[in-house]
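A.B. asks: Below is one structure. I have some questions about it.
No lab work stands behind these numbers, since they all come straight from the coordinates. What you see is a predicted model, and the numbers here were worked out from it, not measured in a lab. Every residue, glycine among them, receives a Cβ derived from its backbone with ideal geometry; neighbour counts consider all protein chains shown.
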Amino acid sequence: MKRVLPLLAVLTFAGAAFGAAEIGQPAPGFTATDINGQTHKLSDYQGKIVVLESYNLDCPFCANHFKTGAMQELQNEVTSAGGIWLLVNSVNPKHPSHRSTEAAKKEWAAQKMKATAWLDDSSGVIGKAYGMRTTPHLFVIDKNGILVYQGAIDNQATPDHDPRKARNYVREAFQKLQAGEKPVVMQTKSYGCSVKYAE
Amino acid sequence: MQRILTILAAGVLAFAAGAANAAHTQTRLVLSATAARPGDTIMAGLELRMEPGWHTYWKNPGASGMATKIAWQLPPGVTAGEIQWPLPDKLPEADLTTYVYQGEVMLLVPLKLAPDLKPGALELKAKASWLECEQICVPGSANLTARIVIGSDTKPSPEAALIASWQTKLPKPADGLSARAWWEQAASGDLRPLILEWTAPAASKEADFFPAASDTFEVQPVFEIVSAESGLLRIRKMVKKFEGGWPKEISGVLVQQAGGERQGFAVILPVGNAPTGARQQSLWLMLFYAFVGGLILNIMPCVLPVIALKILGFVAQSKEEPRQVRKLGLIYAGGVLVSFLVLAGIVIGLKTAGHKAGWGMQFGSPVFVVCLTALVTLVALNLFGVFEINLGGRVMNAAGGLASRHGAAGAFFNGVLATVLATPCTAPFLGTALGFAFAETPLIVVLMFLTIGAGLTAPYVVLSWQPAWLKFLPQPGAWMEKFKIAMGFPMLATAVWLFLLAAGNLDKSRTLWFGLFLVALGLAAWIWGEFAQRGTKHRGLAMAVSILFAGGIGACAFCQTPDQIAWQSWSPAAVAQARAASRPVFVDFTADWCVTCQVNKRTSIEIPSVRAKLKEINAVALLGDYTRLPDSLTDELSRFGRAGVPLVLVYPKAAGEPPMVLPAVLTPGVVLEALEKAAR
């Protein structure tokens, strides 16, 4: 049995190492530090709707949502209604798109972010636990900590469409949750650039 | 007139193809012809040349990226078809696979010229847009122009050969491949295994499937080649569903390696259930294989001793009681067939319950393997004459046993035994037949199993009706006793092999106890045979002693408390994972040869209070096995200034806090205190 157990453990971990977040299941817990040095723990946000956004502004797909201001509008809709919006930046420190804390603070101000916080996930732990495949890749967690949406931000997988004219799945999910209902679309194929995880 | 037109056409020299540069990708629009007639279809090519390290994407970009797009601005009468995509490269990056072009590629688009197109020069414009990625991704786009003269002539362009060479890299039609797809199993959650099968050249060993993109589901990049009949390639792919029902149709490109070159075949396949009807004609062949396979099982080392014993029985009985021999032959056959029916029932039951069923799957059950090892050991001892088996027959003794009459129950039991022993020995032929049977309907499963059983019993039944055929055997005599003992050795070898299997499921101390149990069983069998069966005095006492002895050691071996800490294998990722989930982590770096570690484990780790504490604080217990000195552990130990084990670490629940390093010699108090702290 002893020989079988480690093998099982390895297999379980190989699975858990990437893409463990499942719709209808409790979202993987995490503790992370934001660019201002504050600690955020998912379990502290029980009772609130949480949106996770895998983020890298150098990726044209992300840039399209920010330069048009559409993402900030959506962030504002969520945070002003009492929701939590966490940017998860999993770009590894050796990558040219990695941001130092100072650069991140500047980018936050320049983009007029309306999110709750920008989490430093340069180790990729959160990204991998959730199976964040692209930037952007969005996750919506309900007030009970259950993952209710994962996938694309909207239904236009291009870096140059008008986000305001697309069907935004995150807005839909958030509004449904606000109304006490389940989102209609709970899972889509995310689109964008690869996340640039550490090897 | 025609000549004048030709001259006119040739006179138009403005065929220069449009070209444009983005940051890292150069593009060019080329046409297969400089001049064409109305009604023709010409081929346009969008050439993309990527700098080294950069790539652009296929029509299904995969986990990230974006397919290259072409937006045409064409004069009336010219219509563009769909992009034809050469076979891409599969690029596995971390866990995210994409389908890309590296170096250069030409995307091909057929342009249809209307039959009523007026002669003259035409300008064909296109805007190409793409995503180019290396370490970072950059969107690129280019406005491209190409010209063609419509007239009464068709003239290939200088790029026609280049276009033709790219056409050879397009996936070919899959005609003649008899490609099929079916769901291997019912879905579990959002995932469902899909089998793709096609006929492939003998040389092709590698196979894959590049799926077309879909919004509602994804055919995942990982694949497995599964065994198939010769001439067929069969691969398993996992399909993940995002929303809606399971797809009824799968489209994409079958990829195979032949003669050092990758070939693609475009397919759109309806997804059915596991195939049955198409292979009716080969059912007979499979049944034939099953029969021959069953026949061959008779001479496999696991079965041979049992069968040889039976033949010995014949030799002894054939002359005196031909009728009795026939009757026993049929009862033996009945025992085999009933056992095979039971096996078929189990397979069908498991299949309907959604489990995977395989030949010899019962060997996955530790209890079964342990029991079988004991049984085979006893059979070997029986062959050695240590004790006798007298199921329903007269009591035998060493001298008269072989001559004695075998009872009906004995014959039936022999049939069951032969089947049980046969399962680990998948004879040649049987593999194919069983692989076929397990994918089939219950009726065919039963039919196949019964045919194997028939093959297994055939020699015995035939010989029992025609004992004359046994003439080649020497006269019954003392050689039979020697032969019987010799047959005990292959049986013993089978027992050794089963012991190894059983040990795989047991820890070290239990393996030792299991071995001792087998020895005790042998001793008990001897006491039983020598004193209870052949002895004259104290037979009851001998029985009691042997049963108590075997039972007592057995209890020691198997009734130890199985409660254990739920260890998982140590890795930096496992630690990070657990800490990310805000769970305390208990790490034990240990080795089998490290005495201190073993003492620590007995006294202070694998004890009820620590087990309870670990559960209470929801800690993750990670075991780093340093027995074979893996490098990853050596590095980790040196990080904590240790040259070796033991090293026990306790990571607090709060992320970012350093782990506590426990002393080399542990007491329960030390461990419990550290765990208590970690939970705060």
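A.B. asks: How far apart, in nanometres, would the label points at B:Arg611 and B:Leu162 be if each is projected 7 angstrom from Cα along the Cα-to-Cβ direction?
C.D. replies: It works out to 7.3 nm between the two label points.
A.B. asks: Right, here's the next one. Let me check I've understood the local charge: for B:Ile150, count other residues with C-beta under 15 angstrom from its C-beta, Lys and Arg +1, Asp and Glu -1. What total comes out? Don't skip to the end; give the middle numbers.
C.D. replies: Working: positive: B:Arg37, B:Lys112, B:Lys118, B:Arg147, B:Lys155; negative: B:Asp40, B:Asp116, B:Glu123, B:Asp153.
Local net charge: +1.
A.B. asks: Oh, and also: If you rank A:Asp142, A:Asp160 by fewest surrounding Cβ atoms within 10 Å, what's the result? Before the final figure, lay out each step's value.
C.D. replies: Working: A:Asp142 18, A:Asp160 14.
Lowest count first: A:Asp160, A:Asp142.
A.B. asks: Label-point separation (nm) for B:Arg262 and B:Ser152, each offset 7 Å from Cα along Cα-to-Cβ?
C.D. replies: Each label point is offset 7 Å from its Cα along the Cβ direction, giving 4.8 nm.
A.B. asks: Oh, and also: Tally Lys/Arg at +1 and Asp/Glu at -1 over every other residue whose Cβ is under 12 Å from the Cβ of A:Ser43; what's the total? Write out the running numbers ahead of the final one.
C.D. replies: Details: positive: A:Lys41, A:Lys48, B:Arg583, B:Lys653; negative: A:Asp44.
Counting the neighbours of A:Ser43, the net charge comes to +3.
A.B. asks: Any of A:Lys48/A:Lys165; B:Lys127/B:Lys169; A:Lys41/B:Lys653; B:Lys69/B:Lys125; B:Lys69/B:Lys241; A:Lys67/A:Lys105 with alpha carbons more than 21 Å apart? Name them for me. Please report the intermediate quantities before stating the final value.
C.D. replies: Numbers: A:Lys48/A:Lys165 28 Å; B:Lys127/B:Lys169 24 Å; A:Lys41/B:Lys653 12 Å; B:Lys69/B:Lys125 14 Å; B:Lys69/B:Lys241 26 Å; A:Lys67/A:Lys105 17 Å.
Going by Cα-Cα distance, A:Lys48/A:Lys165; B:Lys127/B:Lys169; B:Lys69/B:Lys241 fall outside the 21 Å limit.
A.B. asks: Taking R0 as 51 Å, what FRET efficiency do you get between B:Ala555 and A:Gln175 from their Cβ-Cβ distance, rounded to the nearest 0.05?
C.D. replies: On the way: r = 65 Å, r/R0 = 1.27.
Result of the calculation: an efficiency of 0.20.
A.B. asks: Determine, from the Cβ-Cβ distance of B:Leu516 and B:Lys482 and an R0 of 22 Å, the FRET efficiency 1/(1 + (r/R0)^6), rounded to the nearest 0.05. Please list the in-between numbers first.
C.D. replies: On the way: r = 31 Å, r/R0 = 1.39.
E(calc), rounded to 0.05, equals 0.10.
A.B. asks: Further question: Counting other beta carbons within 10 Å of each Cβ, put A:Asp120, A:Asp58, B:Asp588 in order, fewest first.
C.D. replies: Numbers: A:Asp120 22, A:Asp58 19, B:Asp588 25.
Ascending number of Cβ neighbours within 10 Å: A:Asp58, A:Asp120, B:Asp588.
A.B. asks: So for chain A, averaging the separation of alpha carbon pairs under 8 Å that are six or more residues apart and normalising by length, what relative contact order in percent results? Show your work: numbers first, answer last.
C.D. replies: On the way: 390 pairs, mean separation 56.6, N = 199.
The normalised contact order for chain A reaches 28 percent.
A.B. asks: Using a Förster distance of 56 Å, how high is the FRET efficiency between B:Gln220 and B:Val462, based on the Cβ-Cβ distance and rounded to 0.05? Working shown, then result.
C.D. replies: Values: r = 53 Å, r/R0 = 0.94.
Given R0 = 56 Å and the Cβ-Cβ separation, E is 0.60.
A.B. asks: Pop a pseudo-label 7 angstrom from the Cα along the beta-carbon direction at both B:Arg323 and A:Lys114 and give the gap in nm to one decimal.
C.D. replies: With each label placed 7 Å out from Cα toward Cβ, I get 10.1 nm.
A.B. asks: Test of understanding: ordering B:Thr377, A:Thr79 by Cβ neighbours within 10 Å, fewest first, what list do you get?
C.D. replies: Numbers: B:Thr377 23, A:Thr79 16.
In order of increasing Cβ crowding within 10 Å: A:Thr79, B:Thr377.
A.B. asks: Taking each residue of A:132-140 in turn, how many C-beta atoms of other protein chains fall within 10 Å of its C-beta, and what is the average? Could the numbers behind the result be given before it?
C.D. replies: Values: counts 1, 6, 5, 2, 0, 2, 0, 0, 0.
Across the residues of A:132-140, the mean count of other-chain Cβ atoms within 10 Å is 2.
A.B. asks: Once fully extended, how much extra length lies between B:Leu541 and B:Ala212, figured as 0.36 nm per residue of separation less the alpha-carbon to alpha-carbon distance? Write out the running numbers ahead of the final one.
C.D. replies: Details: separation 329, 0.36 × 329 = 118.44 nm, distance 7.68 nm.
Stretched fully, the B:Leu541-B:Ala212 segment lengthens by 110.8 nm.
A.B. asks: Within the set of other residues whose C-beta is less than 12 Å from the C-beta of B:Glu51, count the net charge using Lys and Arg as +1 and Asp and Glu as -1.
C.D. replies: Details: positive: B:Arg49; negative: B:Glu104, B:Glu132, B:Glu134.
Result for the local shell: -2.
A.B. asks: I want to make sure I understand the PRE zone here: with the label point 7 angstrom from the Cα of A:Lys105 toward its beta carbon, which residues in the stretch A:61-77 have backbone N atoms less than 12 Å away?
C.D. replies: Counting backbone N atoms under 12 Å from the label point, the list is empty.
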